[in-house]
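What follows is a single structure, written as structure tokens, with notes after it.
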Amino acid sequence: MFRYENRVAIVTGSGSKRGIGRSTAITLAELGATVVVADLNEDGVRDTVAAIESGNGKAMGIFLDVTDKESVQKMVDKVLKTYGRIDVLVNNAGISQRLAVEDMEVEDMKRILDVNIMGVFLCSKAVLVPMKKQRYGRIVNLSSVAGKRGGGFFGGAHYSASKAAVLGFSKNLAREVAEDGITVNCVAPGLVNTDIWESLPKDVADAIVATIPMGRPGETEEIASTIAFLASTEASYITGEDIDINGGSHMD
Ligand SMILES: NC(=O)c1ccc[n+]([C@@H]2O[C@H](COP(=O)([O-])OP(=O)(O)OC[C@H]3O[C@@H](n4cnc5c(N)ncnc54)[C@H](O)[C@@H]3O)[C@@H](O)[C@H]2O)c1
């Protein structure tokens, strides 16, 4: 489908057993990329690396905290020392919390912004050096329908704010690095079939599904394939874009 020979791709937050990051890491490896599986969850990292290797893909696991500048730099240094280049960064690590603003503490707001937007900033900044040197790079950031319409299916205003910030950050960065052969794009998923979805009571799940024109949540593979397109060599004239992947629940 897309060319990924000799490409090295970092996917943050790819240690979640049922998450979008894991599906993305597996998809990119199937397309031929060498994938860096980076996450706070060390067991999850091992698990995703094993899944990739069992399909004859190439992967390296790295413990990463996207909120910690040193941890991010250590990862970038290790990838460069091992492979000599970084072609793709998927900023997927993210957290959510269901909370009304009146019950929200300063710490809740700071924690969500720290992972969801500061993490995107730190990881993007760190890969710009090698990407500029190569004059090639693809950065794909995870926004959300929540950042576009003000509220998704779960989460709170702090989550929506962080995902709207990802959109603005990405567009600005896209302009800054457009002449360096680096593209910066977002995907904005709607409801996705992950653990949190499975845990919902049936009546709540039915009520949510009734608001989605396609009548079902998305699958992680459906998010991964769009990310794989934006991160491919072929998506060379697309930058500053965000693609909605939501079964029709939000259109703009
Ligand atoms: N699942 C959905 O319905 C949905 C919808 C829209 C957007 N998104 C976004 O997609 C991304 C992935 O979502 P998911 O549902 O697969 O999440 P998930 O919880 O399954 O996976 C997120 C991963 O990020 C890791 N992580 C958290 N904090 C980290 C940190 N500081 N450093 C490194 N890793 C860290 C976690 O360990 C976890 O493995 C997130 O950014 C999320 O906001 C998800």
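Remarks
- Test result for N246, of a type in the set (S, T, N, Q), more than 22 Å from A33 (Cα to Cα) and more than 15 Å from the ligand (Cβ to nearest atom): no
- Taking residues in region 89-111 that are closer than 30 Å to V76 by Cα and in contact (Cβ under 8 Å) with a residue 12 or more places away in the chain, and partners anywhere that are of a type in the set (K, R) and surrounded by fewer than 18 Cβ atoms within 10 Å (Cβ to Cβ), the pairs with Cβ atoms closer than 9 Å and at least 6 places apart or on different chains are I95/R111; Q97/R111.
- If you go through region 207-218 and keep only what is surrounded by fewer than 19 Cβ atoms within 10 Å (Cβ to Cβ) and touching a helix residue (DSSP H, G or I) at 6+ places or on another chain (Cβ under 8 Å), you end up with G215, R216.
- Within region 71-114, being within 12 Å of the ligand (Cβ to nearest atom) and among the basic types (K, R) holds for one residue alone: R111.
- Annotation: R85 fulfils all but one of (1) in contact (Cβ under 8 Å) with a residue 40 or more places away in the chain; (2) at positive phi; the unmet one is (2).
- For region 94-135, a tally of residues being within 16 Å of A146 (Cβ to Cβ) and touching a strand residue (DSSP E or B) at 6+ places or on another chain (Cβ under 7 Å) returns 2.
- In region 26-70, the residues that are small (G, A, S), assigned to a helix (DSSP H, G or I) and either more than 18 Å from the chain's Cα centre (by Cα) or away from the ligand (no atom under 11 Å from the Cβ) (or both): A29, A50, A51, S54
- Only a single item in (1) β-branched (V, I, T); (2) farther than 25 Å from L128 by Cβ; (3) touching a helix residue (DSSP H, G or I) at 6+ places or on another chain (Cβ under 7 Å); (4) modelled with pLDDT of 95 or more is not met by V166, and it is number (2).
- Taking the listed residues A228, A188, the one that is touching a strand residue (DSSP E or B) at 6+ places or on another chain (Cβ under 8 Å) and buried (at least 19 other Cβ atoms within 10 Å of the Cβ) is A188, with no other qualifying.
- Counting the residues of region 1-25 that are among the charged types (D, E, K, R) and within 9 Å of the ligand (Cβ to nearest atom) gives 3.
- Only one of the listed residues (L200, L142, L173, L191) is touching a helix residue (DSSP H, G or I) at 6+ places or on another chain (Cβ under 8 Å), within 13 Å of the ligand (Cβ to nearest atom) and at pLDDT 95 or above. That residue is L142.
- Look at (1) more than 15 Å from the ligand (Cβ to nearest atom); (2) under 20 Å from the mean Cα position of the chain (by Cα) and you find that G119 fails only one, number (1).
- Filtering region 74-92 to residues that are surrounded by 15 or more Cβ atoms within 10 Å (Cβ to Cβ) and either within 16 Å of the chain's Cα centre (by Cα) or of a type outside the set (K, R) (or both) leaves M75, V76, V79, L80, Y83, I86, D87, V88, L89, V90, N91, N92.
The values are calculated or read from the model by the stated rules, or taken from the named source; none is laboratory data. All values reported here derive from a predicted model rather than from experimental measurement. Positions of Cβ are backbone-derived with ideal geometry, glycine not excepted, and every protein chain shown enters the neighbour counts.
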